[in-house]
Structure formats: structure tokens, C-alpha cells
Protein chains: 2
Amino acid sequence: MGKKISILGSTGSIGINALKVVSHLKDELDIIYLTAFRNADLLIEQAIYFNPEAICIVDELAYNKVLNAMKSTSIKVLKGRQGLLEIASRQDVDIMLNALVGAAGMEPTLRAIESSVDVALSNKESLVMAGDLIQTALKKSGSKLFPVDSEHSAIWQCLVGEDLADVRGLILTGSGGPFREREISTFSDITLDQALKHPNWEMGNKITIDSATMMNKGLEVIEAYWLFGFKPEKIKIVIHPQSIIHSMIELKDGAIKSQMGVPDMKVPIQYAFTYPRHLEAPWERLNFFDCGDLTFEKPDFERFPCIKLAFDALERLGTSGAALNLANDYAVYRFLKNEIKFTDIPKINLSSLDNHNWIKNPKLDDLKKLDIWVKKHVNNFS
Amino acid sequence: MGKKISILGSTGSIGINALKVVSHLKDELDIIYLTAFRNADLLIEQAIYFNPEAICIVDELAYNKVLNAMKSTSIKVLKGRQGLLEIASRQDVDIMLNALVGAAGMEPTLRAIESSVDVALSNKESLVMAGDLIQTALKKSGSKLFPVDSEHSAIWQCLVGEDLADVRGLILTGSGGPFREREISTFSDITLDQALKHPNWEMGNKITIDSATMMNKGLEVIEAYWLFGFKPEKIKIVIHPQSIIHSMIELKDGAIKSQMGVPDMKVPIQYAFTYPRHLEAPWERLNFFDCGDLTFEKPDFERFPCIKLAFDALERLGTSGAALNLANDYAVYRFLKNEIKFTDIPKINLSSLDNHNWIKNPKLDDLKKLDIWVKKHVNNFS
């Protein structure tokens with residue numbers, strides 16, 4: 001028997017990649033729970049192939065279809081947000097991969113930690129919104145958090161064997177997204193199609209838009225703060241358009257350690273499942289003779305105000321990260337529906353950060369109330 | 001009291017840099033022995049500043065000068081090769097830095113290991129010539145070998161915390177030296193001055209010429225084999241003209257870890273003294289916004305036949321590494337005296353590798369006899 005793995009969000013981009021990892025490491029990893037939002041067909045296919053103990057479809061309209069498809073199996077079918085939270089709370093799991101998108105992933109992360117399950121965290125929004133609650137829960141339960149973001153996985157891999165006292169700071173690399181060189185004056189004309197074309201990474205829609213606004217890099221700064229405990233001034237962003245160097249640490253003696261590779265989320269996903277081992281994998285490997293030149297640039301805070309908002313939120317702490325993240329979730333959702341302009345996203349985020357009712361030590365209930373306020377605030381924007 | 005450090009070759013480029021490290025870490029490191037070949041003035045200056053227990057001047061013509069200068073101190077003065085070997089054998093040392101140049105460094109390395117002293121090894125020739133003897137001695141005495149070459153230090157730093165079973169291979173970077181782009185047909189016209197101009201690193205003459213022929217990279221492949229135990233086919237060379245990435249390891253899951261920084265030997269020297277810590281250092285740090293693009297190329301075995309010779313020597317093992325290294329030592333010496341052409345160096349090295357009396361398991365005496373044969377062989381070349 002291998003490690004027991006549950007995957008929240010198995011039909012999304014990260015979930016699909018995670019199942020490729022599990023397929024090739026089938027002696028090491030066993031899928032015992034899968035959840036999906038509304039892609040019933042793919043969830044059914046995955047369930048038949050991986051034969052978990054239970055699955056959950058969150059969208060209740062798709063429940064009967066999934067239930068019927070599982071009739072001839074021993075696989076239990078749960079439904080709705082309630083079913084998702086129930087699966088996130090199961091204790092018979094070695095590692096739960098949280099590959100949910102947006103603020104909806106926060107509570108499942110907390111549930112798993114409270115159930116003493118280690119969490120492989122792709123849902124950075126969990127930490128951005130509730131970093132303090134999560135750290136407290138980790139200390140109480142003893143479970144561990146394994147980053148799945150390529151940047152944070154790179155930093156984690158570089159930190160292996162090092163004394164944190166010897167680390168001067170973290171260097172998060174970022175491609176700069178599709179609009180790194182576009183005329184700023186034309187940003188308000190950016191279309192949804194343009195924003196959905198990422199130069200290096202194939203990802204879900206939400207994170208692709210976040211890469212285009214560079215809100216993603218900002219959220220990653222907040223995530224790095226909560227994961228590794230470095231102050232904002234110790235976390236630098238370096239634009240590296242080729243996405244070959246996934247991130248770095250700077251040691252106090254001047255040495256810099258980096259983790260590199262082709263842009264492929266299967267690598268950080270597998271590492272989270274197999275840590276501290278780097279087991280054999282069949283994916284494409286980096287070839288230095290055809291990867292081209294590696295280049296570096298300063299991040300442009302004027303062009304991408306969302307980065308600055310993240311540093312501001314980190315200075316303020318409390319509910320600031322949650323307000324920023326929730327606003328961004330809803331703003332991106334509205335942009336994806338073509339209701340607002342690309343340049344409205346940072347405006348909405350700033351307005352929510354500055355105008356929400358700030359609380360120093362929010363509880364889960366405070367965050368839920370904040371969610372209601374931010375949703376309304378964003379939807380009122382026009 | 002800090003760690004007790006002895007430095008063989010303290011007046012050379014590595015020795016001088018090592019003393020800068022000791023100066024800034026004076027609470028952590030104490031110099032107790034220094035040796036120099038013939039630079040009496042600098043050795044005297046160093047001795048007065050660092051106040052070691054004893055020093056050695058190898059060139060006996062300079063002995064009286066050094067002895068007189070130490071009269072009013074409690075510092076003992078030794079002389080000659082015998083004095084050097086005596087200091088290399090002292091047991092009251094925590095780390096001996098072997099910064100000697102060429103084959104002369106081999107026996108002192110063995111002496112220190114046999115005295116159960118850890119060795120910070122800048123003298124790669126020790127391992128190239130006597131890798132097998134050194135590994136046997138290490139196992140017997142329990143002392144450790146800390147690489148000081150920037151490439152091997154980089155690999156060592158990347159390996160920290162990793163399971164060797166998870167490492168697919170090593171990637172040694174090399175600048176390619178000053179003649180990477182020069183017309184091959186003009187190689188026989190290369191002058192000493194041209195060969196002594198390294199694009200990135202300021203180093204001693206011997207290693208600068210070795211960088212120009214790329215014999216240095218070849219010797220580093222052999223060094224890596226003995227240090228880390230990877231077979232020749234697991235050790236790759238990547239030409240990286242900027243010398244920012246100092247070397248890399250490739251993990252089995254496709255992750256690549258690298259160590260980077262400005263080209264500064266103080267970083268690997270300090271790490272060898274403070275391992276596993278990366279203590280604060282005041283040196284210049286890498287700035288990604290002004291370091292330029294990082295580029296990569298295939299090594300050109302036709303242009304630089306010395307690389308190929310190193311792989312050949314590694315396939316044959318036995319005395320092959322010693323024959324190659326000794327020939328190169330003497331050939332470079334003759335080139336530095338303007339007695340032979342740049343293109344004679346690989347010819348001499350090949351001839352010595354192919355024509356020496358090969359022995360499978362050489363003892364120290366066999367290597368000494370080989371030294372006599374190779375010296376004559378190289379000096380007969382015209």
C-alpha cells in the first residue's frame with residue numbers, strides 16, 4: 001500500500017496533472033478520495049480508473065448522473081459543499097492535495113489540518129486569506145503544509161538541508177505574463193482572449209488572469225510569507241520571462257540556490273507527494289542546449305499595481321490579505337464574464353483592501369462575513 | 001576559540017582569498033599554520049598578522065629571510081618540502097586548506113587525511129592523480145573532504161539534504177575560457193599573454209592556462225567522479241560563458257538545482273570552512289538586474305581535446321588520471337616559459353596518457369616513479 005492521497009478539485013488543471021503523477025507512481029500512491037466542482041463526466045472517468053473509496057461532486061445538479069455511473073461500483077458518492085468539507089475532514093488520508101480554485105479552498109485546508117492530515121497546497125488563496133489561522137492550526141495538529149506552486153516548491157527544494165538562520169531572503173521569479181511589454185496606455189483595451197494566453201504555463205482560467213495582472217505574483221509573496229516566515233522586505237520578485245528558474249533562495253554568504261526545469265506542474269506536484277524524495281519521472285527534461293537565454297528584469301509596480309497591493313496587504317496583515325484575495329476572486333470572475341475591464345481588476349482590489357472593515361485577528365466567521373461584504377462590493381462596481 | 005585552520009599555499013590566489021575569509025570570520029576561525037612556496041615577503045606579512053604557531057617556506061633560499069623576520073615572535077619556521085609535509089601531517093588542525101598548485105599538492109592531502117584532519121581541497125590534482133588512494137585513506141581515517149573549486153562547491157551545496165539515490169547526474173558549468181569563439185585554425189598562434197586573460201575569474205597562472213585549454217574542466221570531471229561517486233556518463237559539461245551558475249545537479253524527477261553567484265572564490269572557501277552553515281559575508285552579491293543574460297552552449301571536444309582526454313582517463317582509471325595530470329602540469333610549465341606552443345599541451349597530454357606504463361592500483365611510490373617518467377617525457381617533447 002502506498003500513501004493515501006485525496007484530491008480536491010481533481011478535474012481542474014492541477015488535479016489532472018496530479019492524477020498523471022499518481023498513474024506513474026502507482027506503487028507509491030493510492031487515490032482514496034476525489035472531488036470535482038461540476039465536470040461530472042471527467043470525475044466519473046477518473047473514479048472508474050482510480051477506484052477511490054468516495055468521490056464528491058459539488059454541483060448538486062450533476063449528482064444524479066455521478067451517482068448512477070457509480071451504481072455498479074463500491075465507490076460512495078457525496079455532493080455539494082457539505083460533501084466537499086466532509087471529504088476534506090477525513091482522517092484516513094496521508095496527503096490531501098487542495099487543488100481548488102480561489103477562496104473556496106480555504107476552509108477545506110483548515111478542515112484537513114484540523115484532522116491531522118498533511119496538505120499539499122495548490123490553493124494559495126488559503127494562506128493569503130487565512131495564513132494566521134492555518135499556522136495556528138498546523139502548530140496544534142502537527143500536520144505539515146507542502147507547497148505545490150512551482151515557485152514555492154522551488155524555494156522549499158532549495159531550503160532542504162539549510163539552516164533558516166542562514167537564509168538572507170527569497171527570490172520569487174515570475175514570467176511577467178503576456179503584457180510585460182505592452183504599452184501601458186492600451187491596458188484598458190485588453191480583451192479576455194488576450195489575457196487568457198500565458199506565454200509559458202498552461203493553467204486554469206483564474207490563475208491565467210492572475211498572471212496577466214500579476215496579482216498572482218503578489219499572492220505568492222503573501223503565500224511565501226506564511227509558508228516560510230520571511231518578512232516582506234526579505235521577499236524579492238525577479239521577472240524571468242522564460243520560466244526556467246522557478247525560484248531561488250539567497251544565503252547569507254552570497255550563494256544563491258535555485259530550482260530549475262521545464263515549466264511543468266507535475267514536478268512540484270510529485271515532489272509534494274514524495275517529499276523528501278525526488279523519484280524517477282518520465283516527463284520532459286530541461287535541455288540547456290535548446291532552452292535559450294535566461295533573462296531577468298525588474299518587476300514594474302506601475303504597470304502591475306496588483307503586486308504593490310499584495311505588499312501593502314502584507315504590511316497591514318489582519319483581514320487585508322483576505323479582502324484583497326476575495327476582491328480579486330470576484331473581480332476576475334466578472335472579467336471572465338466580460339462584465340468589467342482588465343484595468344478594473346486592480347481598482348476593485350484596491351478599493352476592497354482600503355474600504356473593508358479591518359480586523360486584526362479574524363476568525364473563520366469573520367472571514368465568511370467579509371466574503372459577503374466583498375462580493376457585494378465587487379458586484380456593485382461598474 | 002574557533003576552528004583551527006592550516007593553509008598550504010597561503011601566498012597564492014586561493015590562499016590570499018582564504019585569509020580574507022579568516023579575517024572577516026575571526027571569531028570562528030584561527031590560523032595555526034601557513035606555508036608558502038617562495039613568496040617570503042607575503043608569508044612574513046601574513047604570519048605577523050595572523051600569528052600562527054608555525055609557518056613553512058618551501059624554497060630553502062628564502063628560509064633565512066623568513067627565520068630572521070620571525071625572531072621576535074613565537075612563530076616556528078620550517079623549510080623545504082619536508083617542512084611542508086610535516087605541517088600537512090599535524091593532527092592539531094580542524095581543517096587543512098590545500099591550496100597548492102599541481103601534482104605537488106597530492107602527498108600533503110594524503111598526509112592530512114592519514115592524520116585524521118578534514119581537508120578543504122582546492123588542489124584538484126590530488127584527486128585526479130590519487131583519487132583511489134585518497135578515498136581509501138578517507139574511509140580508514142574518517143576525515144572528510146570539502147571541495148573548494150567553485151563548481152564542486154556548487155554541487156556539494158546543491159546536494160545538501162538530498163538522497164544521492166535521487167540524483168540523476170551532475171552538470172558542471174564552465175565559462176569556455178578565452179578561446180571559446182576563436183578560429184580553431186589560429187590556435188597554434190595563441191600567445192602566453194592571450195592565454196593568461198580569463199574572461200571571468202582572476203586566478204593563478206596554472207589554472208588560467210588550464211581554463212584556456214579546458215583541461216581544467218576535464219580535471220574537474222575526474223575530480224567530481226572521486227568526490228561524489230558519479231560515473232563519467234552521469235557528469236555533463238555545459239558551457240556557460242557568464243560564470244554565474246557555478247554548477248548544478250539534476251534530480252530524477254526532472255528538477256535541477258543550481259548554485260549561483262558572482263565569480264568569487266571567497267564564497268566556496270568560506271563554505272568549506274563553515275559547512276554546513278552559510279554565515280554572513282560582506283562580499284559583493286549577485287544582482288539579477290545587472291548580471292546580463294545567462295547563456296548555454298555545448299562543449300566543443302574538437303576545439304578542446306583536453307576535455308576528451310579527461311573522459312578517456314576516467315574510463316581507464318588506474319594511473320591514467322595521474323599520467324594526464326602530470327603531463328599537463330609539466331606542459332603548462334613549459335608553455336608558461338614560452339618553450340612550447342598552446343596546441344602542444346593537448347598533444348603532450350595525449351602522448352603521456354597513451355604511452356605511460358599503466359598500472360591498475362598504483363601506490364604512492366608508483367605515482368612518484370610515474371612523475372619521473374612523465375617529467376622526462378614532457379621535457380623531451382619538441
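The values are calculated or read from the model by the stated rules, or taken from the named source; none is laboratory data. What you see is a predicted model, and the numbers here were worked out from it, not measured in a lab. Quick reminder, even Gly has a Cβ in these numbers, built from the backbone with ideal geometry, and neighbours come from all protein chains shown.
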Consider B:Ile235 carefully, then state whether it is more than 10 Å from chain A (Cβ to nearest Cβ), surrounded by fewer than 24 Cβ atoms within 10 Å (Cβ to Cβ) and among the aliphatic types (A, V, I, L, M). yes
Can you tell me which residue among B:Phe296, B:Phe301 is out of contact with any strand residue (DSSP E or B) (no Cβ under 9 Å at 6 or more places or on another chain) and in the same structural domain as B:Leu164 (by TED's automatic domain parsing)? B:Phe301
Condition set within 20 Å of A:Val332 (Cα to Cα) and among the charged types (D, E, K, R), scope the stretch A:183-205, selection farthest from the chain's Cα centre (by Cα): answer is A:Asp189
Going by what's in this entry, would B:Ile345 be described as closer than 15 Å to B:Ala195 by Cβ, in a helix (DSSP H, G or I) and of a type in the set (A, V, I, L, M)? yes
Residues of the stretch A:6-52 satisfying the condition of being touching a Phe, Trp or Tyr at 6+ places or on another chain (Cβ under 6 Å) and within 13 Å of A:Leu100 (Cβ to Cβ): A:Ser6
Which of the residues belonging to the stretch B:257-289 are closer than 30 Å to A:Leu279 by Cα, buried (at least 23 other Cβ atoms within 10 Å of the Cβ) and at the interface with chain A (Cβ under 7 Å from one of its Cβ atoms)? B:Lys257, B:Ser258, B:Gln259, B:Met260, B:Gly261, B:Tyr271, B:His278
Filter the stretch A:181-197 for residues that are over 17 Å from A:Pro299 (Cα atoms) and of a type outside the set (S, T, N, Q) and give the result. A:Asp189, A:Ile190, A:Leu192, A:Asp193, A:Ala195, A:Leu196, A:Lys197
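Given the residues B:Ile171, B:Ile155, which is the only one that is at pLDDT 95 or above, within 14 Å of chain A (Cβ to nearest Cβ), in a strand (DSSP E or B) and within 18 Å of B:Gly229 (Cβ to Cβ)?
After applying the criteria, what remains is B:Ile171.
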Residue count, the stretch A:140-152 (criterion: surrounded by fewer than 21 Cβ atoms within 10 Å (Cβ to Cβ) and either at pLDDT below 95 or in contact with a Ser or Thr (Cβ under 7 Å, 6 or more places away or on another chain) (or both)): 3
Looking at (1) touching a residue at least 12 places away in the same chain (Cβ under 8 Å); (2) at the interface with another protein chain (Cβ under 9 Å from one of its Cβ atoms); (3) surrounded by 17 or more Cβ atoms within 10 Å (Cβ to Cβ), which is the only condition A:Gly254 fails? (1)
Residue satisfying condition, being free of Cβ contacts under 8 Å to residues at least 40 places away in the same chain and not basic (Lys, Arg), within set A:Asn379, A:Asn361, A:Asn357: A:Asn357
What do you reckon, is B:Asp312 in a helix (DSSP H, G or I) and assigned by TED's automatic domain parsing to the domain that holds B:Gly174? yes
Is the stretch A:176-184 home to any residue that is within 14 Å of another protein chain (Cβ to nearest Cβ) and assigned to a loop (DSSP other than H, G, I, E, B)? yes
Looking at (1) in contact with an Asp or Glu (Cβ under 9 Å, 6 or more places away or on another chain); (2) more than 14 Å from chain B (Cβ to nearest Cβ); (3) β-branched (Val, Ile, Thr), find the lone condition where A:Ile209 falls short. (1)
If A:Gly292 satisfies all but one of (1) outside any helix (DSSP H, G or I); (2) more than 9 Å from every other protein chain (Cβ to nearest Cβ), what's the number of the condition it fails? (2)
Is it true that B:Asn338 is in contact (Cβ under 8 Å) with a residue 24 or more places away in the chain, within 27 Å of B:Phe179 (Cβ to Cβ) and surrounded by fewer than 15 Cβ atoms within 10 Å (Cβ to Cβ)? yes
For the subset of the stretch A:206-224 comprising residues that are more than 13 Å from A:Gly174 (Cα to Cα) and buried (at least 24 other Cβ atoms within 10 Å of the Cβ), which member is farthest from the chain's Cα centre (by Cα)? A:Ile209
Please work out if A:Ser243 is on the phi > 0 side of the Ramachandran plot, among the hydroxyl-bearing types (Ser, Thr, Tyr), touching a residue at least 24 places away in the same chain (Cβ under 8 Å) and within 14 Å of chain B (Cβ to nearest Cβ). yes
All-but-one check, B:Pro305 against (1) without any contact (Cβ under 8 Å) to a residue 24 or more places away in the chain; (2) crowded, with 18+ Cβ neighbours inside 10 Å, failing number (1)
For the list (1) in contact with a Ser or Thr (Cβ under 6 Å, 6 or more places away or on another chain); (2) surrounded by fewer than 16 Cβ atoms within 10 Å (Cβ to Cβ), I need the number of the one condition that B:Asp354 fails. (1)
Please go through (1) more than 7 Å from every other protein chain (Cβ to nearest Cβ); (2) buried (at least 21 other Cβ atoms within 10 Å of the Cβ); (3) part of a loop (DSSP other than H, G, I, E, B) for A:Gly318 and return the number of the only condition it doesn't satisfy. (2)
Just wondering, is there one or more residues in the stretch A:302-312 that are out of contact with any Gly (no Cβ under 9 Å at 6 or more places or on another chain) and either within 14 Å of chain B (Cβ to nearest Cβ) or closer than 27 Å to A:Leu159 by Cα (or both)? yes
Does any residue in the stretch A:174-192 that is assigned by TED's automatic domain parsing to the domain that holds A:Ile307 and closer than 15 Å to A:Ile209 by Cβ come within less than 9 Å, Cβ to Cβ, of a residue that is aromatic (Phe, Trp, Tyr) and outside any loop (DSSP other than H, G, I, E, B) six or more places away or on a different chain, and which pairs are these? A:Phe179/A:Phe187; A:Leu192/A:Phe335
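Every residue, every condition in (1) without any contact (Cβ under 8 Å) to a residue 12 or more places away in the chain; (2) under 30 Å from A:Ser141 (Cα atoms); (3) of a type in the set (D, E, K, R), yes or no:
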site: A:Thr35; (1), (2), (3): no, yes, no
site: A:Asn68; (1), (2), (3): yes, no, no
site: A:Val77; (1), (2), (3): no, yes, no
site: A:Asp94; (1), (2), (3): no, yes, yes
Residues (within 17 Å of B:Asn51 (Cβ to Cβ), touching a Phe, Trp or Tyr at 6+ places or on another chain (Cβ under 7 Å) and not hydrophobic (A, V, I, L, M, F, W, C)) located in the stretch B:61-116: B:Arg90
